[in-house]
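The values are calculated or read from the model by the stated rules, or taken from the named source; none is laboratory data. Given the structure is predicted, the values throughout are model-derived calculations rather than measurements. Here the Cβ is made from the backbone with ideal geometry for all residues, glycine too, and neighbour counts use every protein chain on show. All accessible areas refer to the heavy atoms of the entire protein, side chains included, with ligands and DNA or RNA removed. Shrake-Rupley method; radii C 1.70, N 1.55, O 1.52, S 1.80 Å.
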Amino acid sequence: MTELFFIFSQFFIIYFLSLLNVFALINKNYYLKFFSFSENLTFNLIIFLNFILLVSFFNVGLVFIISSYLTYCAILFLIYLINYKILININRLNTFYFVILFISSSIIFIQIANDLVIGWDAQKFWIYKTLNFFNGNSISNLSNLSNSWYPYLGSLSWSFFWKISLLEHEYSGRLFYVFIYLISLLLITNNLKISIFNKVIFFLLIIILSYDYTIHSHWSMFSGFQEILIFSLLSMAIHFLYKFANSNYKSENLNLFSILLICNLLVWIKHEGFIISLSLILTLIFFFKFESSKKIFISVFFFLILFIRFFIFEFYELNSSDIQHHGFEEISIENILDKISFSRIPIILKYLFLNIFTNYLMLIGIFILLLFLLTKKKMKKLNYIFFLIIFNLSSFCFIYLITTSLDLSFLLQSGMDRVIYQLCPITFLIIFEFINKKNFISKINL
């Protein structure tokens with residue numbers, strides 16, 4: 001019973017650290033108008049992850065990082081007291097969503113506590129980075145660990161919530177992965193113009209569709225794998241992208257700012273984040289009607305993200321061996337040309353389509369696209385969605401084709417399903433278009 005109480009307490013620790021929104025201090029009316037329950041938590045989670053990432057750059061220990069964020073929250077809380085009504089902005093709808101979030105989180109929390117499994121990737125890569133921070137070491141000490149070239153933000157957040165939990169078990173830190181996953185799915189339901197009851201049904205349905213152990217038999221979502229963070233952050237980006245494309249200009253900067261911050265997080269969680277964040281940036285530039293100055297700003301901001309990412313790794317010698325990923329050590333023009341062969345292409349396509357057609361969300365997306373074709377709906381409005389899908393899939397396939405020195409079939413068998421899983425939130429855009437078919441995108445370049 002004591003452990004069960006501590007598990008529930010972990011939910012409230014994560015929730016309250018994600019509750020206070022800095023926009024409420026800047027503009028009360030703007031905050032109340034543009035932030036729903038899930039949008040508020042989403043934006044604050046994005047700020048939280050960027051905050052602890054930025055503080056970690058100064059080569060400080062986890063206690064200092066935690067103290068810095070708690071100080072930030074305390075300052076917000078004190079200022080919130082001046083705006084008491086905002087602090088207790090409780091209504092029936094928010095209460096309802098809170099109950100749904102608490103119940104769904106508690107169920108998965110208990111399942112994780114009863115199934116104490118650390119996945120293979122977590123054992124090989126992520127748990128050591130987590131222990132590095134948990135034991136008081138800073139990012140400079142990561143250079144002393146194996147696989148130091150892997151990003152560390154997921155492990156940092158894991159250690160953060162492990163350290164501040166009332167539980168002594170490491171899984172308490174992984175419960176944060178559950179929280180951000182459920183918030184991202186709750187956020188997705190905001191885009192559907194259906195009743196509250198149907199939104200809840202949809203929320204539960206996408207949990208069932210994306211929470212699947214039967215297909216992903218060699219990995220489980222919350223066993224320390226970082227794919228769930230990529231999935232959740234991409235889902236959040238999809239929300240802001242769709243909202244931006246279908247709303248007026250009043251919240252344009254906020255949505256753009258959120259997507260850019262998510263792109264920054266993606267490159268610090270897994271190497272796949274580079275490709276996914278680039279696809280989001282190119283979508284913003286090529287498919288949306290921005291002023292030239294704003295497109296330049298987006299490009300410069302993204303290059304700044306990449307520069308900081310590589311600068312920090314070089315500065316702290318986290319990439320001293322010049323290796324970016326296991327199995328991709330010998331990267332040269334000659335080596336790349338040697339690997340390009342027609343015999344490798346069918347192998348890649350085999351695993352690509354096998355995993356696409358065994359991913360429930362991808363299957364639903366394909367089915368809806370077929371309905372669009374059969375009913376002769378205007379497909380041009382889906383161009384930016386097609387770009388996101390094709391760019392990401394072709395990029396990952398090309399990387400497999402030209403770089404890996406490992407057995408290609410083995411690598412695809414153990415990795416392609418996770419690539420598809422990380423990308424499947426893109427299909428939410430197709431679902432939005434189908435359900436909200438009368439609400440066409442007004443700002444897409446056709």
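Looking at segment 369-398 only, could you name the residues that are touching a residue at least 60 places away in the same chain (Cβ under 8 Å), under 23 Å from L185 (Cα atoms) and either surrounded by fewer than 16 Cβ atoms within 10 Å (Cβ to Cβ) or of a type outside the set (A, V, I, L, M) (or both)?
The answer is Y384, F387, N392.
Taking the condition of being farther than 18 Å from F58 by Cα and not in a loop (DSSP other than H, G, I, E, B), how many residues in segment 112-143 meet it?
13
How many residues does segment 187-201 hold that are of a type outside the set (V, I, T), open to solvent by 60 Å² or more (accessible area, probe 1.4 Å) and farther than 13 Å from I431 by Cα?
Residues meeting the conditions: 2.
Going by the structure shown, is T404 part of a loop (DSSP other than H, G, I, E, B) and at pLDDT 80 or above?
Criteria not met by T404.
Filter segment 119-143 down to the residues that are open to solvent by 10 Å² or more (accessible area, probe 1.4 Å), in contact with a helix residue (DSSP H, G or I) (Cβ under 6 Å, 6 or more places away or on another chain) and closer than 17 Å to E317 by Cα and list them by number.
Passing the criteria: only N141.
Of the residues S146, S165, S210, S223, which single one is open to solvent by 10 Å² or more (accessible area, probe 1.4 Å) and farther than 23 Å from Y69 by Cβ?
Values: S165 fails: farther than 23 Å from Y69 by Cβ; S210 fails: open to solvent by 10 Å² or more (accessible area, probe 1.4 Å); S223 fails: open to solvent by 10 Å² or more (accessible area, probe 1.4 Å).
Only one candidate passes the filter, namely S146.
Yes or no: segment 77-92 includes at least one residue that is modelled with pLDDT of 85 or more, open to solvent by less than 60 Å² (accessible area, probe 1.4 Å) and part of a helix (DSSP H, G or I).
No - not one qualifying residue is present in segment 77-92.
Answer with yes or no whether I180 is within 21 Å of the chain's Cα centre (by Cα) and crowded, with 22+ Cβ neighbours inside 10 Å.
So I180 passes the test.
Mind checking which residues of segment 40-77 are farther than 15 Å from F23 by Cβ and among the β-branched types (V, I, T)?
Of everything in segment 40-77, those that are farther than 15 Å from F23 by Cβ and among the β-branched types (V, I, T) turn out to be I52, V55, V60, V63, I65, I66, T71.
Kindly provide the set of residues from segment 116-155 that are more than 22 Å from F310 (Cα to Cα) and touching a residue at least 60 places away in the same chain (Cβ under 8 Å), ordered by number.
First, pick out the residues of segment 116-155 that are more than 22 Å from F310 (Cα to Cα): 116-124, 127, 131, 134-136.
V117, I118, G119, W120, D121, A122, Q123, I127, F134, G136, listed by residue number.
Looking only at segment 405-429, which residues are over 18 Å from L354 (Cβ atoms) and surrounded by 22 or more Cβ atoms within 10 Å (Cβ to Cβ)?
So the first thing to find is which residues in segment 405-429 are over 18 Å from L354 (Cβ atoms), and the list is 405-406, 425-426, 428-429.
Within segment 405-429, P425, I426, F428, L429 qualify.
For segment 327-364, name all the residues that are loosely packed, with under 15 Cβ neighbours inside 10 Å, in contact with a helix residue (DSSP H, G or I) (Cβ under 7 Å, 6 or more places away or on another chain) and modelled with pLDDT under 75.
Matches in segment 327-364: I336, I340.
Would a scan of segment 254-261 turn up a residue that is among the β-branched types (V, I, T), within 20 Å of L429 (Cβ to Cβ) and without any contact (Cβ under 8 Å) to a residue 60 or more places away in the chain?
Yes; the residues of segment 254-261 include at least one that is among the β-branched types (V, I, T), within 20 Å of L429 (Cβ to Cβ) and without any contact (Cβ under 8 Å) to a residue 60 or more places away in the chain.
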